[in-house]
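The values are calculated or read from the model by the stated rules, or taken from the named source; none is laboratory data. Because the structure is a prediction, the values reported are computed rather than measured. Neighbour counts are summed over all protein chains in view; Cβ atoms, including those assigned to glycine, are modelled from backbone coordinates with ideal geometry.
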Amino acid sequence: MGSGETAPTSIKLHRELIAGAIEPCMLDTPYGFQANADDLNAKIGAYFTESVGTPLTVGQWRRADDPVVDRERTLSLLARSTYAFAGPGSPSYALRQWLGTPVPEALGGILTRGGTVILGSAAAVTAGAHAIPVYEIYKVGVEPHWLEGLDVLGAFTGINAAVIPHFDNAEGGRHDTRYCYLGQSRLESMEADLPRGAGVLGIDEHTAVIFDIESGLASVRGAGGLTLRINGEVRVISSGDDINIADIVATFNSGDHRASPGAGVSSEHVPAAIANEEPSSQKPSLAADAQALHARFIEHLGAGDSDGALTCCLELEQVIHDWSADTWQSDDIDTARRLLRSMLVELAAAATTGLADPRTTLGPIVDITLDLRARARSDKDFATADLVRDRLGEIGIEVRDTPDGQEWDLR
């Protein structure tokens, strides 16, 4: 998304993309350095809860050296989720906290499972093989240069590109702030430094480009368009139009230019399914064993059987040990270890909060409270009704008034 990822104009798109998502979440990394990061979490959370109609669980990853338990909780969340969102902030800061960590692969894992990853504004910059350090160039005066990107886009589509949001920005008036505040001259000089076969994907403000990996189409939605720039040539795909992803790849590979590998996600952070590798005949065995044990673990946890859940963890540890002793090495061992860490995090959380769904315990008490609130509203005692709602909110119980009556949920 080029901008406006939490604007009213984006609500319909978010509703479409989040429909049916499992445990949708958001990463707060791009603005994690800001003093008001908690306020931004609350603001974005309110947008998705109240406007989009689906709350997001915050995956906190503000620094790559955050406590290991906090990082593992977030990785566990990403491993369960089929919808992840990241948006405004600093692209260079986000890249420093994500590169060389399991986060790029975790985002790729969501896509491998058929889920959706939405990167807006600053986070969108990180998606390509090459990234612009916006603040450093525009605000600090650092000489224009490229950063290494995550290249999640290239890993799934083969597009070797720099993603530039705010492409049609006009805030500067007579001062050229197009191309994410780079301006014409700086963009042209930076394009000359791109490797052969790499181009620019420019996404206008309040515009989204949906890369549907299954259909092989890129769809442009919103107020502006998608611009492809390569070797000084420009092609614009307007809002409402589609383009084959293969055509974008061919455009960037046109003429005498041959695509060069992206500078982003290294092979050690890309699962075989992402890197389009041919798995060996042995690979599915470990992956299948790990996934089956994880599925059993979830069943035991849901049934309140902590002993059964712990047994699954121990069995998976033994499976990993047995495979590690083999002379053949596989990325699947790393995947199995991540699943085991995720299971341990969930088991630890269950030890703290209990295995029973807290909604079941709190439900009767909240229902009584909401009945009293409904009576206050019918008596037009709105001050008391608002006080009940606010006090419930202070302890993490969110109340929403809908056409069908009062609804509540735990934050």
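When we screen ASP193, ASP176, ASP151, ASP212 for residues that are of a type outside the set (A, V, I, L, M) and under 19 Å from SER239 (Cβ atoms), the only hit is ASP212.
From the list LEU372, LEU347, which one is among the hydrophobic types (A, V, I, L, M, F, W, C) and in contact (Cβ under 8 Å) with a residue 40 or more places away in the chain?
Among LEU372, LEU347, only LEU347 is among the hydrophobic types (A, V, I, L, M, F, W, C) and in contact (Cβ under 8 Å) with a residue 40 or more places away in the chain.
If you go through the stretch 230-257 and keep only what is modelled with pLDDT of 95 or more and more than 26 Å from the chain's Cα centre (by Cα), you end up with just VAL236.
Number of residues in the stretch 124-175 that are more than 14 Å from ALA198 (Cβ to Cβ), surrounded by fewer than 24 Cβ atoms within 10 Å (Cβ to Cβ) and either among the hydroxyl-bearing types (Ser, Thr, Tyr) or over 19 Å from the mean Cα position of the chain (by Cα) (or both): the value is 21. Which residue is nearest to ILE118 (Cα to Cα), if the candidates are limited to the stretch 148-182 and must be part of a helix (DSSP H, G or I) and among the β-branched types (Val, Ile, Thr)? Going through the qualifying residues, I end up with VAL152. Among the numbered conditions (1) over 30 Å from GLY20 (Cα atoms); (2) surrounded by fewer than 20 Cβ atoms within 10 Å (Cβ to Cβ), the only one that LEU182 does not meet is (2). With respect to being farther than 30 Å from ASP193 by Cα, β-branched (Val, Ile, Thr), in contact with a helix residue (DSSP H, G or I) (Cβ under 7 Å, 6 or more places away or on another chain) and at pLDDT below 95, THR112 fits the description. Condition check for ASN41 on (1) in contact with a Lys or Arg (Cβ under 8 Å, 6 or more places away or on another chain); (2) under 25 Å from TYR135 (Cβ atoms); (3) surrounded by fewer than 19 Cβ atoms within 10 Å (Cβ to Cβ): one failure, at (1).
Within the stretch 183-209, which residues are out of contact with any Leu (no Cβ under 8 Å at 6 or more places or on another chain) and not in a helix (DSSP H, G or I)? Within the stretch 183-209, GLY183, ALA192, ASP193, LEU194, PRO195, ARG196, GLY197, ALA198, GLU205, HIS206 qualify.
Counting the residues of the stretch 29-52 that are without any contact (Cβ under 8 Å) to a residue 40 or more places away in the chain and either part of a loop (DSSP other than H, G, I, E, B) or touching a Cys at 6+ places or on another chain (Cβ under 7 Å) (or both) gives 2.
When GLY128 is tested against (1) modelled with pLDDT under 95; (2) touching a helix residue (DSSP H, G or I) at 6+ places or on another chain (Cβ under 8 Å), just one condition goes unmet, and that condition is (1). Taking (1) touching a Leu at 6+ places or on another chain (Cβ under 6 Å); (2) at pLDDT 85 or above; (3) among the charged types (D, E, K, R) in turn, ASP332 satisfies each apart from (2).
Would it be correct to say that ALA383 is surrounded by 12 or more Cβ atoms within 10 Å (Cβ to Cβ), over 30 Å from the mean Cα position of the chain (by Cα), modelled with pLDDT of 85 or more and farther than 25 Å from THR54 by Cβ? Walk me through it before giving the result.
Details: surrounded by 12 or more Cβ atoms within 10 Å (Cβ to Cβ): no; over 30 Å from the mean Cα position of the chain (by Cα): yes; modelled with pLDDT of 85 or more: yes; farther than 25 Å from THR54 by Cβ: yes.
No.
Among all residues of the stretch 6-24, there is none that is assigned to a helix (DSSP H, G or I), among the basic types (Lys, Arg) and surrounded by 17 or more Cβ atoms within 10 Å (Cβ to Cβ).
Pairs are defined by a Cβ separation below 6 Å, a sequence spacing of at least 6 or placement on different chains, a first member in the stretch 103-130 that is assigned by TED's automatic domain parsing to the domain that holds TYR179, and a second member that is among the charged types (D, E, K, R); the pairs so defined are GLY120/GLU5; ALA129/ASP151.
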